[in-house]
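Right, one structure below, let's go through it.
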Amino acid sequence: MPRRTAQEWIRLSLRTPGILIFGMVMAPCGWVLDLTATVAPSWRTLNNLPNRPTSEYIEQGIWDICRRTTSSPRGECSLEDTTYFGNEIIEVAQGLMVASLVVTLVGLAVAIPGVRCWKDRPNWVAAGLGGLLIFLSGVMTIIPIAWYTHILNDVTTVSPVIDVRVGYCIVLGYIGGIFEILGGFVMFIGICRCCGGRNRGEVRVEDARGTQFRQKPPPRPTIIPSLDRRSNPSTTVPYSKDSLDDDVSFPRAKSPGVRSVNTSYSGRPGDADL
């Protein structure tokens, strides 16, 4: 089947396609979550520390380690642990998380010029390449997060009595990576026209001629009944002249009184007339 040219398709409107809106919303949200997961020192927490109060716990991240208590939100950070930071996963996570943040910004910078809605059609190549970069940034976030979670108890040799728990950075990293993967993938599928062009908001020209460009029938005229019943020939109710004169919604001027005529006047002047 020969491939259709671009001239055989037409956009239904100048609005930004939904797949591009979805990607441009999900990517910044994922970037903010990934940034929080990168800088916050809570990839895992160590509870029930030996020879320490039960309310005290340690938060370990990829850049810093903090000691906190449940009674006070503030804690002591910048703790030294060469054994923890010497693990391979820590170095890999540092590099991939920073690279993910940078690649997401580059992907947004590439995609924004192609998503401009004031053009007749978006630049699908630029938007698709930006979506591909955003997709790769999400993958670079998921890899260290999943690896760290898999070896959560093996990052360092900890005492069996210590309770190792997942930190909130792991959860935020998973959510942010999934946001970027979904947003980048949806934007990338705009490079190829699929689903009959509905992913781009387009239809074939021959289909548009029969639906979108069909002339609409003229609107039916609205007949407003006349208030003047005497001049409305369509009425079938007879009215008399007296009923028409009485059927008024405003007061009418009084007619002058009828002068009395003296029929006995003979025309001869009397004494009173002199």
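Overview of results
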| quantity | calculated |
| --- | --- |
| Breaking point among (1) at pLDDT 95 or above; (2) hydroxyl-bearing (Ser, Thr, Tyr); (3) assigned to a loop (DSSP other than H, G, I, E, B), for Ser78 | (1) |
| All positions within the range 96-110 that are within 24 Å of the chain's Cα centre (by Cα), at pLDDT 95 or above and of a type in the set (Val, Ile, Thr) | Val103, Thr104, Val106 |
| Selection count where residues are hydroxyl-bearing (Ser, Thr, Tyr) and exposed (fewer than 12 other Cβ atoms within 10 Å of the Cβ), scope the range 134-167 | 2 |
| Checking Pro17 against (1) at pLDDT 85 or above; (2) buried (at least 20 other Cβ atoms within 10 Å of the Cβ), the condition it does not meet | (1) |
| Residue under evaluation Ala93, criteria (1) at pLDDT 90 or above; (2) not in a helix (DSSP H, G or I), criterion not met | (2) |
| Residue count for the range 95-105, restricted to those that are buried (at least 16 other Cβ atoms within 10 Å of the Cβ) and either free of Cβ contacts under 8 Å to residues at least 60 places away in the same chain or not aliphatic (A, V, I, L, M) (or both) | 4 |
| Test: Ile58 is at negative phi, in contact with a helix residue (DSSP H, G or I) (Cβ under 8 Å, 6 or more places away or on another chain) and surrounded by 15 or more Cβ atoms within 10 Å (Cβ to Cβ) | no |
| Inter-residue pairs, beta-carbon under 7 Å, first part of a loop (DSSP other than H, G, I, E, B) and in the range 43-68, second among the acidic types (Asp, Glu) and exposed (fewer than 15 other Cβ atoms within 10 Å of the Cβ), 6+ apart | Asn48/Asp163 |
| Residue count, the range 69-82 (criterion: touching a strand residue (DSSP E or B) at 6+ places or on another chain (Cβ under 7 Å), without any contact (Cβ under 8 Å) to a residue 24 or more places away in the chain and exposed (fewer than 15 other Cβ atoms within 10 Å of the Cβ)) | 1 |
| Matching residues in the range 111-125 - criterion: being crowded, with 18+ Cβ neighbours inside 10 Å and at pLDDT 85 or above | Ala111 |
| Search result, residues across the range 52-76 that are among the charged types (D, E, K, R), more than 23 Å from Asp34 (Cβ to Cβ) and out of contact with any Gly (no Cβ under 7 Å at 6 or more places or on another chain) | Arg52, Glu56, Arg74, Glu76 |
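The values are calculated or read from the model by the stated rules, or taken from the named source; none is laboratory data. On a predicted model such as this, the values are computed, not experimentally measured, just so you know. Neighbour counts are summed over all protein chains in view; Cβ atoms, including those assigned to glycine, are modelled from backbone coordinates with ideal geometry.
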